[in-house]
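Read the structure below first, then the notes.
The values are calculated or read from the model by the stated rules, or taken from the named source; none is laboratory data. Computed from a prediction, not measured in an experiment: that's the story for all the values here. Ideal geometry is used to build each Cβ from the backbone, glycine not excepted, and the neighbour counts take in all protein chains shown.
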Amino acid sequence: MRPSLQRSIIILALGLPALGCSKSDQKPAAVESHSLQAKNKWTGEAIFIERCRDCHKVHETGGVVGPDLSGVGDRRNREFLEQVIRQPSKLYPGTVMPPYDTLPADQVTLLVDYLSSLK
């Protein structure tokens, strides 16, 4: 089991916030079907916790490498959110955020749904 996945499972099981940020030069692995939510359907919040919270904060929980995403649903539309997830360097040249272009379309939709709900 990958150390980051194992840490995420422990964090979720204990209900604790993520500590620290992941290495910015690390490319995200594709979300595997046997990963965090193997027996349950993925939710946008679970995907955020698994893939984004090490760098992004929402409501005082998370990392500080990326911008705080509390209220992002009031500031950005769905198309923008999807593009920044899939191709962040096209919107922000030189960003350290890796592209999450390997996430399945249904998981990107769930993640965008979650981010859009942050008002």
Exercise. Collect the residues in the stretch 63-119 that are of a type in the set (Ser, Thr, Tyr) and part of a loop (DSSP other than H, G, I, E, B), keeping them in residue-number order.
Key: Ser70, Tyr92, Thr95, Tyr100, Thr102
Exercise. Would you please list the contacts, defined by Cβ atoms under 9 Å and residues six or more apart or on different chains, that run from a residue in the stretch 102-118 that is without any contact (Cβ under 8 Å) to a residue 60 or more places away in the chain to a residue that is surrounded by fewer than 18 Cβ atoms within 10 Å (Cβ to Cβ) and of a type in the set (S, T, N, Q)?
Key: Ser116/Asn77
Quiz prompt | Matching residues, the stretch 28-56, being surrounded by 12 or more Cβ atoms within 10 Å (Cβ to Cβ) and either more than 18 Å from Val112 (Cβ to Cβ) or at pLDDT below 90 (or both) | solution = Pro28, Ala29, Ala30, Val31, Ser35, Leu36, Gln37, Trp42, Asp54
Quiz item: What about Ile85, is it of a type in the set (A, V, I, L, M), surrounded by 11 or more Cβ atoms within 10 Å (Cβ to Cβ), modelled with pLDDT of 95 or more and in contact with a Pro (Cβ under 9 Å, 6 or more places away or on another chain)?
Solution: yes
Self-check item: Members of the stretch 51-96 found to be touching a residue at least 60 places away in the same chain (Cβ under 8 Å) and over 26 Å from Lys41 (Cβ atoms), listed by number
Solution: Val96
